[in-house]
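See below for the structure under consideration.
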Protein chains: 2
Amino acid sequence: MTGMLKRSGRQFLGPLREKLRSPGGAIGKEVDAVLNRTKPRIGRGEIIAGPAFSGKQFAVLLEGLACMATRNDNGARQIYAFYYPGDFLALHDFLRPESREHIEIEALSNCSIGTINRDILERAIQRRPMLGQALWQAAMIEARIFRQRLVMARWPALQRVAHLLCEQRARLGAHERVIPLTQIDVADATGLSVVHINRLFQELRQLGVLSKQRTIKVVNKERLQELAAFDPGYLDPGEALSYWDLYIDD
Amino acid sequence: MTGMLKRSGRQFLGPLREKLRSPGGAIGKEVDAVLNRTKPRIGRGEIIAGPAFSGKQFAVLLEGLACMATRNDNGARQIYAFYYPGDFLALHDFLRPESREHIEIEALSNCSIGTINRDILERAIQRRPMLGQALWQAAMIEARIFRQRLVMARWPALQRVAHLLCEQRARLGAHERVIPLTQIDVADATGLSVVHINRLFQELRQLGVLSKQRTIKVVNKERLQELAAFDPGYLDPGEALSYWDLYIDD
DNA sequence: CGGCGGCTTGATTCGAGTCAAGAACCGTGG
DNA sequence: CCACGGTTCTTGACTCGAATCAAGCCGCCG
């Protein structure tokens, strides 16, 4: 479980070593070699990748929290998935850039990313067939995430929200209890209205699961996991949502 | 758009030539060479692949209609995706057979399938790297299908049902107007109750979209597409849901 | 000619949306 | 340091879509 880079106490200063969680083991050096890290910080709410990029460039999230989302005809945002440090972004349009879905990758907190040009990535894949298989796996993991969301879509609202919070906790790192989302974000990810989310949050506060502060802060994770029927093992290391596992040198 | 094999007027008698819709073009012969077609017919309601198979064997659907589904704790079935002739089944657990999700592939009509052993498929991938890339693409298409279902999950019920019917029409073949599903199947795929599905069907019959018979038969596809806000192009050839395109030699 | 799976119908309940308005908070600039 | 504007959060009243429960019906298959 990766977590924010700072959490481990190490700083994001030296070269990255990414280790792909794949049957083949670590191939991160390949990616490391072609990763362009000059990209500056990205502010919350900014679009990291969208139709405008159309498959010419890809990114790896280095710090922060981002999501994949679309906006429907009414302008309502729908969040499909969250991305955490180490995740590969926007792979979905590597093979078929000309999709008519208007998918965007949006920063939910301040982020920093590394980028890779399409042709460079292509060449890397040719040099290292394992990388291709790893990307296949990444796509299958993505499919699994969406399937999981489809399952959640049929749960009662409180459980849906609780489960989302459990996921965030698990992915942000067990020690980080503040979840950097707004109630609006949670609404857009669960498909519930903001008003209803707010009422559920109050219920969670009454139950002693969330703190009474404005920020989303879990103070009783056991109770939360009960409400969510959350199985911590469903994110076990071999199946983590994160395609990449970041290790920082000094 | 593939359709039932019979529709084209050709019979499913001779050798198959599968053509993968991939940037690389036809690699179906590779699959054809390793496909075991001795498997007999499978009856409606039977499980084609599930936990019991655990990644040792994979299948290609040759005839009929199947789905990927799970059952939740109450025994309720949830259908994630439909499979049509030419689709590769159960690829989802090729890389990680030990998933704890109890996904099953179930025949929704009488089906026939061809099978491939895991190790044979693995060797085929090594021989032909393009096949690996094709499977990557297949996984991305699957992810897209699920994403589409997530979008639909927020639509009003009538539109959701109408869209599902449009998809079936498009995939079964434009000339096949009877959709071989039960109202129960539609309920499990849309996440609505059977009772509600029934009422929506009556509404669709009143609107002159469905015939008054017991079978699900579309008699006014234009009206149906309007209700569904269905974009026929969203299944355009390059992006079809079907991984494989079947061609039959007499 | 049962019987069972699927379809139909009605009555009732309830979860969650919508609308509307106000309060708390945050960043920015004077 | 405070005033202002824009988000975000909160609360209340009302509505409505869809679930559930409970029967009864149809039609096919053995």
If you go through region B:155-169 one residue at a time, do you hit one that is at the interface with chain A (Cβ under 10 Å from one of its Cβ atoms) and within 12 Å of DNA strand C (Cβ to nearest atom)?
-> yes
Checking B:Asn74 against (1) surrounded by 19 or more Cβ atoms within 10 Å (Cβ to Cβ); (2) within 16 Å of DNA strand C (Cβ to nearest atom); (3) more than 29 Å from B:Leu227 (Cβ to Cβ), which single condition isn't satisfied?
-> (1)
Return the residue satisfying two criteria in turn: it lies in region A:79-98 and is at pLDDT 80 or above and not in a strand (DSSP E or B), and of such residues it is nearest to the other protein chains (Cβ to nearest Cβ).
-> A:Asp87
Filter result for B:Arg154 (part of a loop (DSSP other than H, G, I, E, B), farther than 29 Å from A:Ser193 by Cβ and either outside the structural domain of B:Glu63 (by TED's automatic domain parsing) or not aliphatic (A, V, I, L, M) (or both)) = no
Kindly list the number of the only condition in (1) at pLDDT below 80; (2) in contact with a Leu (Cβ under 8 Å, 6 or more places away or on another chain); (3) within 13 Å of another protein chain (Cβ to nearest Cβ) that fails for A:Pro129.
-> (2)
Which one is farthest from DNA strand C (Cβ to nearest atom), of the residues in region B:170-189 that are under 10 Å from B:Ile216 (Cβ atoms) and of a type in the set (D, E, K, R)?
-> B:Arg177
Give me the pairs, please: first residue somewhere in region B:197-223 and outside the structural domain of B:Gln183 (by TED's automatic domain parsing), second residue anywhere and surrounded by fewer than 16 Cβ atoms within 10 Å (Cβ to Cβ), beta-carbon distance under 9 Å, and either six or more positions apart or on two chains.
-> none
Taking A:Arg154, is it closer than 24 Å to B:Ala69 by Cα and away from DNA strand D (no atom under 14 Å from the Cβ)?
-> no
Looking at (1) more than 8 Å from chain B (Cβ to nearest Cβ); (2) outside any loop (DSSP other than H, G, I, E, B); (3) within 20 Å of the chain's Cα centre (by Cα), which is the one condition that is false for A:Trp136?
-> (1)
Considering (1) within 26 Å of B:Asp73 (Cβ to Cβ); (2) within 17 Å of the chain's Cα centre (by Cα), say which one A:Ala157 fails and leave the rest.
-> (2)
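The values are calculated or read from the model by the stated rules, or taken from the named source; none is laboratory data. Quantities reported herein were computed from a predicted structural model and do not represent experimental measurements. For neighbour counting, all protein chains shown are included, and Cβ atoms are generated from backbone atoms with ideal geometry for every residue, glycine included.
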